[in-house]
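Undergrad: My questions will all concern the structure given below.
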């Protein structure tokens, strides 16, 4: 039978355990834990490259879709908007089948590598950036159409001009793409495998460590993820404000 002293010790231990995750998470951040930093570096690298690749495809495609008229254009826009809600696990499964040994791209040996995670994230992010870029540039085209037509500007120069003038508005699309990539779990888990020290990102690590009960690492990674999103958005807002002051 437990004595009153034993019960007091148990209650104190339970209180200490409940307080441990927050304290330990802060300790991990302040000490720049090597495992934590490795996960953060990989996550940033994969998400930034995926967002950049998606931007290289999505922004020009969105611009061309905004400035050209052809049969079936509305259907393409509807499909593009629908692809913004692609289920991540379905994308992950499709890429897994493509990159598996029996798949058409299996000879490249990309499955369960950071490159596979970049491909998965880029596929998910490209429709988002393309759809947002199309809407932004189409609105700008309505405003500048008469002026560009009077100057006899060709189609390619129209695309370049409008992308340049809408560059800070397009930052919003790029940030949305990066945020989508950084927050991805399902597709990355399927094609990357969540291998410790090789393909483990912040989101997959948070899911794994939470299921294992290792809350300090999960909490610290969550804090880093939120902080990174806030910092990137703050930098983009600052650059836009500076540009407005310089051109105003």
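The values are calculated or read from the model by the stated rules, or taken from the named source; none is laboratory data. These numbers were taken from a predicted model, which means no experiment stands behind them. For neighbour counting, all protein chains shown are included, and Cβ atoms are generated from backbone atoms with ideal geometry for every residue, glycine included.
Undergrad: Being surrounded by fewer than 16 Cβ atoms within 10 Å (Cβ to Cβ) and over 21 Å from residue 95 (Cβ atoms) is the filter here, so list the residues in segment 181-214 that pass it.
TA: Result: 196, 197, 210, 211, 212, 213, 214.
Undergrad: So which residues in segment 57-68 are assigned to a helix (DSSP H, G or I) and exposed (fewer than 13 other Cβ atoms within 10 Å of the Cβ), if there are any at all? Outline the logic, then answer.
TA: First, pick out the residues of segment 57-68 that are assigned to a helix (DSSP H, G or I): 57-67.
Result: no residue meets the conditions.
Undergrad: Moving to a separate point now. So residue 118 clears everything in (1) surrounded by 21 or more Cβ atoms within 10 Å (Cβ to Cβ); (2) more than 30 Å from residue 40 (Cβ to Cβ) except one condition, right? Which one?
TA: Against the list (1) surrounded by 21 or more Cβ atoms within 10 Å (Cβ to Cβ); (2) more than 30 Å from residue 40 (Cβ to Cβ), residue 118 comes up short only on (2).
Undergrad: For segment 142-154, does any single residue satisfy the condition of being surrounded by 22 or more Cβ atoms within 10 Å (Cβ to Cβ) and under 30 Å from residue 63 (Cα atoms)?
TA: No - not one qualifying residue is present in segment 142-154.
Undergrad: Quick check: anything in segment 213-229 out of contact with any helix residue (DSSP H, G or I) (no Cβ under 9 Å at 6 or more places or on another chain) and in a helix (DSSP H, G or I)?
TA: yes
Undergrad: Right, residue 135: assigned to a helix (DSSP H, G or I), out of contact with any helix residue (DSSP H, G or I) (no Cβ under 6 Å at 6 or more places or on another chain), surrounded by 15 or more Cβ atoms within 10 Å (Cβ to Cβ) and in contact (Cβ under 8 Å) with a residue 12 or more places away in the chain or not?
TA: yes
Undergrad: Sort through 45, 126 and tell me the only one that's closer than 30 Å to residue 214 by Cβ, modelled with pLDDT of 90 or more and surrounded by 14 or more Cβ atoms within 10 Å (Cβ to Cβ).
TA: 45 is the lone residue from the list that is closer than 30 Å to residue 214 by Cβ, modelled with pLDDT of 90 or more and surrounded by 14 or more Cβ atoms within 10 Å (Cβ to Cβ).
Undergrad: So which of 88, 71 ends up being at pLDDT below 95 and surrounded by fewer than 18 Cβ atoms within 10 Å (Cβ to Cβ)?
TA: 71
Undergrad: Looking at 179, 197, can you tell me which residue is modelled with pLDDT of 85 or more, touching a helix residue (DSSP H, G or I) at 6+ places or on another chain (Cβ under 8 Å) and either farther than 26 Å from residue 58 by Cα or not in a helix (DSSP H, G or I) (or both)? It would help to see each step written out before you state the result.
TA: Numbers: 179 fails: either farther than 26 Å from residue 58 by Cα or not in a helix (DSSP H, G or I) (or both).
Criteria check complete, one pass: 197.
Undergrad: Tally up the residues in segment 74-110 that are in contact with a helix residue (DSSP H, G or I) (Cβ under 9 Å, 6 or more places away or on another chain), assigned to a helix (DSSP H, G or I), closer than 21 Å to residue 198 by Cβ and free of Cβ contacts under 8 Å to residues at least 40 places away in the same chain, please.
TA: Count: 3.
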